[in-house]
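Peer 1: I'd like to ask you about the structure that follows.
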Amino acid sequence: MKAPSEHSTITNTVTATRQITFAQAINEALAEEMRRDPRVFVIGEDVAEAGTPFKVLSGLVDAFGSQRVIDSPISVAGITGIGAGAAMTGMRPVVDIMFGDFITLTMDQLVNQAAKIHYMSGGKLKVPMVLRTTLGATRRSAAQHSQSLHAWLSHIPGLKVVVPSTAYDAKGLLKSAIRDDNPVVFFEDKMMYQLKGPVPVDEYTIPLGVADVKRAGSDITLVATSSMVHIALAAADALQASDVSAEVIDVRTTSPLDKEMIIESAKKTSRAIVIDEGYERYGVTAEIASIIADGAFYYLDAPVKRMGAMDVPVPFSPVLEDQTVPTAEAVAEVAKRLCNKR
Amino acid sequence: MKAPSEHSTITNTVTATRQITFAQAINEALAEEMRRDPRVFVIGEDVAEAGTPFKVLSGLVDAFGSQRVIDSPISVAGITGIGAGAAMTGMRPVVDIMFGDFITLTMDQLVNQAAKIHYMSGGKLKVPMVLRTTLGATRRSAAQHSQSLHAWLSHIPGLKVVVPSTAYDAKGLLKSAIRDDNPVVFFEDKMMYQLKGPVPVDEYTIPLGVADVKRAGSDITLVATSSMVHIALAAADALQASDVSAEVIDVRTTSPLDKEMIIESAKKTSRAIVIDEGYERYGVTAEIASIIADGAFYYLDAPVKRMGAMDVPVPFSPVLEDQTVPTAEAVAEVAKRLCNKR
Amino acid sequence: MVHPKAKPASKKPVSTPSRDQALHFYRQMLKIRLFEEQVNQLYLGAKMPGLAHLYIGQEAVAVGVCEALRRDDYITSTHRGHGHCLAKGASVDRMFAELLGKAAGYCRGKGGSMHIADQDTGNLGANAIVGGSAGIATGAAMSAKMRGSDQVAACFFGEGALGQGLLYEVMNMASLWKLPVIYVCENNQYNEYTNYRETTAGEVAARAEAFGIHTETIEGQDVHLVHAKSLTLVERARRGEGPAFLHCNTYRFHGHHVGDVDRSYYRSKKEEEEWKSKRDPVKLLAEWLHKSEMADGKLLDQIEAEIAAHIKEAVQFALEAPYPDPNEVNQHVYA
Amino acid sequence: MVHPKAKPASKKPVSTPSRDQALHFYRQMLKIRLFEEQVNQLYLGAKMPGLAHLYIGQEAVAVGVCEALRRDDYITSTHRGHGHCLAKGASVDRMFAELLGKAAGYCRGKGGSMHIADQDTGNLGANAIVGGSAGIATGAAMSAKMRGSDQVAACFFGEGALGQGLLYEVMNMASLWKLPVIYVCENNQYNEYTNYRETTAGEVAARAEAFGIHTETIEGQDVHLVHAKSLTLVERARRGEGPAFLHCNTYRFHGHHVGDVDRSYYRSKKEEEEWKSKRDPVKLLAEWLHKSEMADGKLLDQIEAEIAAHIKEAVQFALEAPYPDPNEVNQHVYA
Ligand SMILES: Cc1ncc(C[n+]2csc(CCOP(=O)(O)OP(=O)(O)O)c2C)c(N)n1
Ligand SMILES: Cc1ncc(C[n+]2csc(CCOP(=O)(O)OP(=O)(O)O)c2C)c(N)n1
Ligand SMILES: [Mg+2]
Ligand SMILES: [Mg+2]
């Protein structure tokens, strides 16, 4: 099971910070953007009084009213299409899709419509919409409530895809996503909502497309997304004991992807592992690993390894489910092998 | 624009063959399997009298009646769900989804239901269903009728994915797909329907999961899918003039993927390019390239290169559309560069 | 064509249910009730992984419908599916085992509460996608028709599924092709934490009628009524006369899921109490049994004790049962 | 509440359309007709990449509806969208240019026939996914309401879109939230090569009424009727009284697309001839203009000549216009 540990990388900030949860960070980002821009609204199932089943949106309806925090019927495709139409005509909707597995129902509206409208119209129409949803397993929710399908969206030109790993990143990236003029899919790991981290009191944004070195190192690069950043950090901790210095790169957005930072790190360390919670086959790890293998080809001392979720529907039984997600131990094992430490 | 050339690799067969089109091969496979097994039926929009807009199914309704070749409403998700339910209860449906772009509408039924039912039921229920659809651009059909979304399905455990390149393969693989006890997604390139090739008179099947060397070579491996196999073969022809001997591997099924054959070839040639008509980013080329880069790491003399479709929604204008798909010239160029021939 | 008004008023004899039948219904409903109470205990005792959506309050629907089906008829079910599963004939021990993720469970622990399927009793599976099983049920009905098996499929769903487009797509085809499927809409008044009137425009029944589907709206707390209506609709479907839509008014007595205990922000205690005191399907049936002198308090107590003992034994079995072998994790991905 | 029967019969004065208006309608409809005939010629002459779905026969719907809209009102359209685009105010030269994939096209050649959008006239785009624009239109209506702009959105779709679940999802929300959207169902009798009766169970109008949406079924070949009804529905929506569904019976005179010339296997020559001779919307309006002495043959000929000349010029412009710069291929992926 994932046991997210807390690591902070906010170094060169002078503003005051406080510790808030990932969920609070999302909530604050929404509240700030709604206050700043009357065009921003939230729509989804049980987003208002209930504040979503994860309570991420608690209080927003009190602050902004039910005209801007809108409870919808269970019409996942419908609200996505409505979001696209509203975005094309002057609003900036944030569509809430409770579980990432349900984006399967939105694919036509998101991929054939929202993602392509700007291009198909020759640049005239815009779709400034954010679709917030979840990813991540180990919640004992079984095969239809545990998937991490961000690879699909990352495959689609016209979409941007955000996979934050900390409260700080979540807040800054969500604010950028809302201000972005493109459809952005924002994936939140369900298991990280209660994870606390330092977040500045003052306003800030983080640009989409810039990865973050969550820990510097010299022997191996661990490239990770979302929840897996914490696995990578825990692995890096463990590796220290074996005298392996691991650099942990959080890609933060899979699309656009900060290829340069990833390749440079791999060139420096000469070894890399890519860790992601989506299914491994044809998943996010494939893209990033192949980019490293190509871009750092002449620098690599070992093959780039991929560690995605096991290629099985997520099982319910804890003894089975826990095997499907990469663990810090497994990452450390592979890293040691690559570094010939054993 | 793709100009599929004809190449045959049927060598050690003694049975008589004739030249038939890719479309006829599909039609024959369906007719044979429907004759063989009363549980097989076809459902889709305009599949009966119209025989689909591509006329692939012409004559089937006359042979098998409208109880087994069923015209449906324009309910793409609905017929996929109905297919799953029928498959779970003793039938073997072949669901026809006219354009690959429309599979966006089937994702919940295909991915959350059909693909997972066997696993979620602990192995008790089975979903022996085939979903036939199309891929491929350059038909001037623009962004919503030109996508090649097979990477998505290949990402999903529980699904098998077939991407045939010749009439021979299409027939043998479709028959296997229909006999398979799992949901299989079968992608046909719209532009190849009229492509002729030798097909045995006698019955045969081709197992899912076995790649095919469409041309043997020693300097570089071109791994390709569907339509891109013909691009690879044309590139191989062109490369001969530059004294580069290219081996062309047709993966035939992206899931299961014949990793061994691909890796062995790359080990032998020490160079590889992966060519596919899906969007390049997070696409099929990423998976295959990263597998080669890992599996043949110590044998490679150059980085593995990926050539997918350009990461843009498919544009309508011919001058734009033609740029989005890999060409034989471009493949040959990259190959020469990798082989230091220039 | 005869003018509709000119039709002779169909005067069905309202037959009184037999004692055997009524007691059987009672046993089935009580089994669901006590099963679910035990599930809640497992949750509260932190013995069950994840969550569960209790069926308590809706027992008359599952039992009334399933008792009108044959064992080889099909059902599809929902996230709130324990009741359907038991009503169709599953046994409590293997259900508990599944809920606890044990190898002895109906799905070897792979499915869990939201995915229990039991092929032997025709249960094609619970479904964690709201509305997600409407296609499967309709496809099973199509398959039955194609195979000439005269089986019928019942598709259970909550009124929340009325928000999902898939339902309309498949109702259209079921009507066009006269498929033997009964769409059972369990209107328990809430989509999670939102009253269905805030999410549902127009009239529920009209949504099925628009597709030319025979539709009935009934009180879902009266098991005899649900059963009698279901019988009519099922036999109609079996005769090839096409699909039906059965809209049952009902109520879930507990939260949306076991963890939903503070409910005052979306429904009143008073409303809950009214349903529990006046429209509890188990109580109503007990009262009916009394009134019609088919059972006295002693018999009912005895039945309850039997079922409670059975449940206790089953939960014990499940608690002690082994987890699946870890190697099973990548088995059953492909058939 | 007043008993519905007790309401006073609403007696709207049926005002005769003015000569100016009628002639304007005629010009608009004829423009569409001649535009589409030219598109067919471009196809036959192999001058147009790909295919196109002609709107000929349905002109009264697009013109009747769009003339009831303001320029800043929205429309969404379909694969058969040229008529909607022109009726909402697009110019023929840039449309031809788009159909030929030229940089001067409304979408710089990137969209083509099935994706023409023209923001300046409120056209949010044709759509190549059947039913795909229902969400966009409903969202535009929601946006109008939220912004307090009193704009209305008209959502055009063929009866084939009744097969798509999305339509029901968004109609429900439009009704719940009283959104200013008019769903315009152009029932041209065929989903591609299949008569809609084979794909559509029950009654079309009932499908919208089930969601509590005000619904009207009308003859779609009479532009005055379409216009009058649309005006009522649009003004109703603008006043905040909610969505409406306008079901128009119509017919496409040509094939499903320009290449569909052998149609006998799915519809009879006789049926086509009947519609063309008796229910051609352009002819019907010409006859009406004659009968009401608003125009004589000479005037109508003159109008036709003017439009033909305009079209000729426009197509020439498009044929000569340059293709987009190849570098544009990866522009406009992101805003
Ligand atoms: C497509 C989809 N959207 C959202 C959810 C989350 N969800 C689970 S149950 C539920 C409410 C279902 O309400 P209803 O259908 O009335 O069933 P009930 O819970 O009342 O039995 C929701 C929204 C889901 N499982 N699937
Ligand atoms: C989702 C989807 N399925 C199938 C198609 C292929 N297709 C294009 S037009 C059409 C028929 C549409 O019929 P209708 O909606 O009545 O419009 P009409 O062509 O009659 O104007 C079909 C099936 C599509 N474009 N989108
Ligand atoms: Mg409910
Ligand atoms: Mg039509």
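Any read-out appearing in this document is the output of simple, stated calculations on the displayed coordinates, not a laboratory observation. This structure is a prediction, so every number in the text was calculated from the model and none was measured. Glycine gets a Cβ as well: all are built from the backbone with ideal geometry, and neighbour counts include every protein chain shown.
Peer 1: Residues being within 20 Å of the chain's Cα centre (by Cα) and either part of a strand (DSSP E or B) or within 16 Å of ligand 3 (Cβ to nearest atom) (or both): count how many of those fall in region B:68-95.
Peer 2: 3
Peer 1: While we're on this one: Please pick out the residue among C:GLN164, C:GLN189 that is under 21 Å from the mean Cα position of the chain (by Cα), in contact (Cβ under 8 Å) with a residue 60 or more places away in the chain and closer than 15 Å to A:ILE74 by Cα.
Peer 2: C:GLN189
Peer 1: Let me ask something else about it. State the number of residues belonging to region B:110-149 that are at the interface with another protein chain (Cβ under 7 Å from one of its Cβ atoms) and among the polar types (S, T, N, Q).
Peer 2: So the answer is 5.
Peer 1: Sort through A:VAL325, A:VAL284, A:VAL304, A:VAL319 and tell me the only one that's surrounded by fewer than 23 Cβ atoms within 10 Å (Cβ to Cβ) and of a type outside the set (D, E, K, R).
Peer 2: Criteria check complete, one pass: A:VAL319.
Peer 1: Continuing with this model, one more query. Looking for whichever is within 16 Å of ligand 3 (Cβ to nearest atom) and on the phi > 0 side of the Ramachandran plot here; the options are C:GLY112, C:GLY131, C:GLY101. Which one fits?
Peer 2: C:GLY131
Peer 1: Got at least one residue in region D:217-227 being surrounded by fewer than 18 Cβ atoms within 10 Å (Cβ to Cβ), under 18 Å from D:GLY131 (Cα atoms) and in contact (Cβ under 8 Å) with a residue 12 or more places away in the chain?
Peer 2: No - not one qualifying residue is present in region D:217-227.
Peer 1: Here is a list of conditions, (1) crowded, with 20+ Cβ neighbours inside 10 Å; (2) out of contact with any Cys (no Cβ under 9 Å at 6 or more places or on another chain), and C:SER277 meets all of them except one; can you say which number that is?
Peer 2: Result: C:SER277 fails condition (1) only.
Peer 1: Give me a count of the residues in region C:161-171 that are touching a Lys or Arg at 6+ places or on another chain (Cβ under 9 Å) and within 7 Å of another protein chain (Cβ to nearest Cβ).
Peer 2: 1
Peer 1: So which of A:MET98, A:MET107, A:MET191 ends up being within 14 Å of chain C (Cβ to nearest Cβ) and within 16 Å of ligand 3 (Cβ to nearest atom)?
Peer 2: Only one candidate qualifies: A:MET98.
Peer 1: A follow-up question, please. Within region D:276-298, does at least one residue satisfy the condition of being charged (D, E, K, R), within 14 Å of chain A (Cβ to nearest Cβ) and farther than 30 Å from D:THR194 by Cβ?
Peer 2: Within region D:276-298, not a single residue is charged (D, E, K, R), within 14 Å of chain A (Cβ to nearest Cβ) and farther than 30 Å from D:THR194 by Cβ.
Peer 1: Inside region B:228-277, can you point out the residues that are among the charged types (D, E, K, R), within 30 Å of B:ALA115 (Cβ to Cβ) and touching a residue at least 24 places away in the same chain (Cβ under 8 Å)?
Peer 2: B:ASP250, B:ARG252, B:ASP258, B:LYS259, B:ASP276, B:GLU277
Peer 1: Return yes or no: is C:GLY83 under 13 Å from A:ALA142 (Cβ atoms) and under 13 Å from the mean Cα position of the chain (by Cα)?
Peer 2: Here the answer is no, as C:GLY83 does not meet what is asked.
Peer 1: Return yes or no: is D:GLY202 without any contact (Cβ under 8 Å) to a residue 40 or more places away in the chain and out of contact with any Leu (no Cβ under 7 Å at 6 or more places or on another chain)?
Peer 2: For D:GLY202, the condition - without any contact (Cβ under 8 Å) to a residue 40 or more places away in the chain and out of contact with any Leu (no Cβ under 7 Å at 6 or more places or on another chain) - is met.
Peer 1: Could you check how many residues of region B:45-66 are within 19 Å of B:LEU173 (Cβ to Cβ) and surrounded by 23 or more Cβ atoms within 10 Å (Cβ to Cβ)?
Peer 2: Within region B:45-66, residues that are within 19 Å of B:LEU173 (Cβ to Cβ) and surrounded by 23 or more Cβ atoms within 10 Å (Cβ to Cβ) number 3.
Peer 1: Here's something else I'd like to know. May I ask you to list the residues in region C:87-102 that are within 8 Å of chain A (Cβ to nearest Cβ) and over 19 Å from C:ALA128 (Cα atoms)?
Peer 2: Hit for region C:87-102 is C:LYS102, nothing else.
Peer 1: Quick check: anything in region A:18-38 within 12 Å of another protein chain (Cβ to nearest Cβ) and over 15 Å from A:ALA167 (Cα atoms)?
Peer 2: yes
Peer 1: Hey, among C:GLY158, C:GLY112, C:GLY148, C:GLY131, which residue is more than 8 Å from chain B (Cβ to nearest Cβ) and either surrounded by fewer than 24 Cβ atoms within 10 Å (Cβ to Cβ) or aromatic (Phe, Trp, Tyr) (or both)?
Peer 2: Going through C:GLY158, C:GLY112, C:GLY148, C:GLY131 in turn, just one is more than 8 Å from chain B (Cβ to nearest Cβ) and either surrounded by fewer than 24 Cβ atoms within 10 Å (Cβ to Cβ) or aromatic (Phe, Trp, Tyr) (or both): C:GLY148.
Peer 1: Here is a list of conditions, (1) in contact (Cβ under 8 Å) with a residue 24 or more places away in the chain; (2) more than 16 Å from ligand 2 (Cβ to nearest atom); (3) under 17 Å from the mean Cα position of the chain (by Cα); (4) buried (at least 24 other Cβ atoms within 10 Å of the Cβ), and B:HIS118 meets all of them except one; can you say which number that is?
Peer 2: Every listed condition holds for B:HIS118 apart from (3).
Peer 1: Still on this structure: Just checking, does region A:294-301 include any residue being more than 14 Å from chain C (Cβ to nearest Cβ) and crowded, with 24+ Cβ neighbours inside 10 Å?
Peer 2: no
Peer 1: Could you list all residues from region D:51-110 that are among the small types (Gly, Ala, Ser), under 18 Å from D:LYS229 (Cα atoms) and within 16 Å of ligand 4 (Cβ to nearest atom)?
Peer 2: Residues satisfying the conditions are D:ALA60, D:ALA62.
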